[in-house]
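Asks: Got a structure for you, written out below as structure tokens; questions coming shortly.
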Amino acid sequence: MDKHIYDQICSQIYRKYPAVKNSKPQVKAQPNGDYLLVFGARQKTANGHSLPTTLRVTADEKGRIKKISSSR
């Protein structure tokens, strides 16, 4: 993945999901030419517990985000 496209996708995700701002994603190439970026973070709940969060982003080779899914 091109560095410019990588930075573009990350900046869009950091703007929309500030909880993963300090996370560097793992990038995996998909068989259809797309890329999967997996962001991980830990958030604090109201009662002080830590909650792991994973954000999966599918993007094409031009940097267009196709799909975003998150888990808690």
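The values are calculated or read from the model by the stated rules, or taken from the named source; none is laboratory data. Owing to the predicted nature of the structure, the values given are computational and were not obtained by experimental measurement. Here the Cβ positions follow ideal geometry from the backbone for every residue, glycine too, while neighbour counts run over all protein chains shown.
Asks: Name every residue in the stretch 45-69 that is surrounded by fewer than 10 Cβ atoms within 10 Å (Cβ to Cβ) and in contact with a strand residue (DSSP E or B) (Cβ under 7 Å, 6 or more places away or on another chain), in order of residue number. Spell out how you get there, then give the answer.
Replies: Within the stretch 45-69, the first condition is being surrounded by fewer than 10 Cβ atoms within 10 Å (Cβ to Cβ), and the residues that meet it are 45-50, 62, 69.
Correct list: 45, 50, 69.
Asks: Please state which one of 8, 43 is touching a Leu at 6+ places or on another chain (Cβ under 8 Å) and either part of a helix (DSSP H, G or I) or not aliphatic (A, V, I, L, M) (or both).
Replies: Values: 8 fails: touching a Leu at 6+ places or on another chain (Cβ under 8 Å).
Going through 8, 43 in turn, the sole match is 43.
Asks: When the residues of the stretch 13-34 are narrowed to those that are closer than 12 Å to residue 1 by Cα and over 11 Å from the mean Cα position of the chain (by Cα), which ends up surrounded by the fewest Cβ atoms within 10 Å (Cβ to Cβ)?
Replies: 33
Asks: Of all residues in the stretch 50-72, count the ones that are at pLDDT below 95, of a type in the set (Gly, Ala, Ser) and either within 12 Å of the chain's Cα centre (by Cα) or part of a loop (DSSP other than H, G, I, E, B) (or both).
Replies: Total meeting the criteria: 3.
Asks: I would also like to ask the following. Of the numbered conditions (1) assigned to a loop (DSSP other than H, G, I, E, B); (2) on the phi < 0 side of the Ramachandran plot, residue 19 fails exactly one; give the number of that condition.
Replies: In the conditions (1) assigned to a loop (DSSP other than H, G, I, E, B); (2) on the phi < 0 side of the Ramachandran plot, residue 19 misses (1) alone.
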